[in-house]
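The values are calculated or read from the model by the stated rules, or taken from the named source; none is laboratory data. These figures come from a predicted structure and were not determined experimentally. Neighbour counts are summed over all protein chains in view; Cβ atoms, including those assigned to glycine, are modelled from backbone coordinates with ideal geometry.
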Amino acid sequence: MPRGDLDRLEEVIERMTDIAESFGLRPFPMRYEICPADVVYAVGAYGMPTRFAHWSFGKAFERMKLQYDTGLSKIYELVINGDPCYAFLLDTNTLLQNKLIVAHVLAHSDFFRNNVHFSTTPRDMVERMSVYAERIRRYEMVHGEDTVEAFLDDALVVAEHTPPPSPVGPGRPPREAEEGREGGRAKRDRLREDIPAYLIEYSPELEDWQRDILAALREEMRYFWPQLETKIMNEGWATYWHLRIMREMDLPPDEALEFARMHSQVTQPGGYSINPYRLGLAIYEAQGEDLERLFEIREGETDVSFLRNYLTESLVEEQDLYLWEAARGELRVTEKDWRRVRDALVAERVHGGLPTLEVAGESPRGELVLHHRYEGVPLDLKHLKKALMAVRRLWGTTVHLDTVVDERPVRFTAAVDGVRSEPIYAGGVGPSGS
C-alpha cells in the first residue's frame with residue numbers, strides 16, 4: 001500500500017473501532033500487520049505465525065500460493081484468536097478492501113472474546129506455539145529430523161481426535177481443576193473420551209519426548225476446536241457487522257458501489273456447498289434489530305444449536321437450500337423439506353464435522369479397542385485406515401476400531417501387517433473379512 005493509504009488506514013481503524021464499540025461490540029485490542037502474500041499464505045497453511053515446521057503445512061502452503069498466483073483464489077486477511085488479536089492483511093489490498101477487512105476482523109475479535117465456547121482457549125497461543133516449535137526443534141537435534149517427522153506424521157493424525165474443551169461459565173470452574181482431584185479409575189474412565197490424552201498417559205510405547213510433543217499437539221487442537229464448532233456463526237457475525245460498520249463510514253458513491261460489489265462476492269451462493277458468510281448473515285438478519293437478542297445468540301451457541309434453533313422454514317426457502325446426490329454422473333435434488341434440510345445441515349456440524357472416537361477398553365493381551373460413536377455419518381475408510389495405523393504405532397501393538405459400515409457393525413483391526421475388517425455379530429466378531 002502507498003504511504004498515504006497507510007496513514008489513512010490508521011485513521012480508518014481508529015474510527016471503525018469507535019463505531020464497533022458504539023454498537024456494543026467488545027473486541028480484543030487489535031494488532032494489524034500488512035504482509036506480502038508469502039507471509040499471509042504461510043500463516044494460513046500453518047494455522048499460526050509461530051507453529052513448528054512439517055511437510056503437510058508446506059504442502060498446504062504451496063497449494064494455496066499456487067491458487068493465488070494463478071488467480072483462482074485470494075485470501076484478503078487472516079485473524080488470530082488471542083489477546084491481543086492479530087490480523088494479517090495483504091499488502092496488495094486496496095484501501096477500500098482493507099476498510100471492509102478491518103470491519104470484518106473487529107467482529108471476529110468480538111466473537112472470539114465473547115462466545116462462551118472460546119472461554120477455555122489460551123489467549124497467548126501465539127507465544128505458546130512458539131515455545132512448542134522450539135522444543136520440537138530441539139528434539140530434532142537430539143533424535144534426528146526424520147525420526148521426529150515420522151512421529152509427527154502419526155501424532156498429527158491422532159491429535160485430530162482430541163475432544164473439544166468444555167466451556168467455562170459463571171460459577172463453573174475449568175474442567176482441569178476438577179480433573180486434578182480424580183482417582184486413578186475415574187481418570188482412566190474420563191480419558192476414554194480423549195484418545196491423545198489416553199495415549200500420553202497409558203501407552204507402553206511412547207518415550208518422554210514423544211509424550212511431550214503429543215501433549216503440545218493436543219493443546220493446539222483444543223485451541224482450534226471452537227473455531228471448528230462455530231464456522232457459520234463466526235463468519236456470519238463478521239459479515240453482519242462489516243455491513244453495518246461500513247454503512248456508518250459515509251463512503252463516497254464510487255466506493256459505496258465497489259463495496260456493494262465486494263460484499264456481494266462474499267455472500268454469493270456457494271454452489272454445491274454452504275457459504276457460511278451467506279447463511280450466517282441471513283440467520284442473524286432474520287432476528288431483526290434486537291441487538292440484545294443478537295448478542296445473546298453470539299454468546300452461547302455453536303453451529304449445531306445455531307442452525308437447529310434459528311434456521312427456519314422461510315430461511316431455507318429464501319436461501320434455496322436442498323439436499324442432493326450424485327447418481328450416474330448427474331446431480332439431482334433428493335430433498336427440499338425444510339426440516340430434513342435443516343437436520344442434515346445440523347448433522348454435518350455435529351462435533352465440528354469430525355467423527356467422534358473414544359477408547360472402549362483394553363484386551364487382556366494389551367490390545368487397544370476404540371469405538372466410533374456412529375450418528376448416521378459413516379467414516380471415510382481411507383482416512384480410517386491411516387488413522388488406525390497411526391494409533392497402532394503410538395500404542396505399540398494391535399488396535400481395533402468398532403464402527404458401522406452400510407448400516408452393519410464392523411470391526412477394523414490394525415496389526416503389524418496392515419488393516420483388516422470383519423463383521424460384528426451378536427455373539428462377537430465374525431470370520432476375517434477384507
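Brief remarks on what is shown
- So R218, is it at pLDDT 95 or above, assigned by TED's automatic domain parsing to the domain that holds V131 and of a type in the set (K, R): yes
- In region 24-46, the residues that are out of contact with any strand residue (DSSP E or B) (no Cβ under 8 Å at 6 or more places or on another chain) and buried (at least 17 other Cβ atoms within 10 Å of the Cβ): L25, Y41, A42, A45, Y46
- Among the strands (runs of 3 or more DSSP E) confined to region 1-111, the ones with at least 1 residues that are at pLDDT 90 or above and under 20 Å from the mean Cα position of the chain (by Cα) are located at 77-80, 85-90.
- Scanning region 266-293 for residues that are of a type outside the set (G, A, S) and over 23 Å from the mean Cα position of the chain (by Cα) yields E285, Q287, E289, D290, L291, E292, R293.
- All positions within region 370-388 that are surrounded by fewer than 21 Cβ atoms within 10 Å (Cβ to Cβ) and touching a residue at least 60 places away in the same chain (Cβ under 8 Å): K386
- Only one of the numbered conditions (1) touching a residue at least 24 places away in the same chain (Cβ under 8 Å); (2) in the same structural domain as T94 (by TED's automatic domain parsing) is violated by G288, and that is (1).
- Long-range neighbours under 7 Å by Cβ, at least six apart or interchain, first residue not assigned by TED's automatic domain parsing to the domain that holds V105 within region 259-278, second in a helix (DSSP H, G or I) and surrounded by fewer than 13 Cβ atoms within 10 Å (Cβ to Cβ): none
- Residues in region 331-381 that are within 26 Å of the chain's Cα centre (by Cα) and of a type in the set (V, I, T): V341, V346, V350, T356, V359, V377.
- Residue check, L307 within 20 Å of the chain's Cα centre (by Cα), under 19 Å from R339 (Cα atoms) and part of a helix (DSSP H, G or I): yes
- Failed criterion for S305 (all others in (1) within 25 Å of N234 (Cα to Cα); (2) of a type in the set (G, A, S); (3) not assigned by TED's automatic domain parsing to the domain that holds G236 hold): (3)
- If the condition is being aliphatic (A, V, I, L, M) and either in contact with a His (Cβ under 6 Å, 6 or more places away or on another chain) or surrounded by fewer than 17 Cβ atoms within 10 Å (Cβ to Cβ) (or both), then region 106-132 contributes only V131.
- The residue list R181, R137, R188 contains one member that is basic (K, R), modelled with pLDDT of 90 or more and over 22 Å from the mean Cα position of the chain (by Cα), which is R137.
Quick grid of which residues meet (1) assigned to a helix (DSSP H, G or I); (2) surrounded by fewer than 18 Cβ atoms within 10 Å (Cβ to Cβ):
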| residue | (1), (2) |
| --- | --- |
| E235 | yes, no |
| Y240 | yes, no |
| L243 | yes, no |
| E255 | yes, yes |
| F259 | yes, no |
| G270 | no, yes |
| I274 | no, no |
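- Note on region 310-334: among residues that are under 27 Å from Y284 (Cα atoms) and among the charged types (D, E, K, R), the one that is surrounded by the fewest Cβ atoms within 10 Å (Cβ to Cβ) is D320.
- Matching residues, region 390-418, being within 23 Å of Q210 (Cβ to Cβ), surrounded by 18 or more Cβ atoms within 10 Å (Cβ to Cβ) and among the hydrophobic types (A, V, I, L, M, F, W, C): A390, V391, L394, W395, V399, L401, A414
- Where strands (runs of 3 or more DSSP E) fall wholly inside region 315-434, the ranges with 3 or more residues that are modelled with pLDDT under 90 and in contact with an Asp or Glu (Cβ under 9 Å, 6 or more places away or on another chain) are 330-335.
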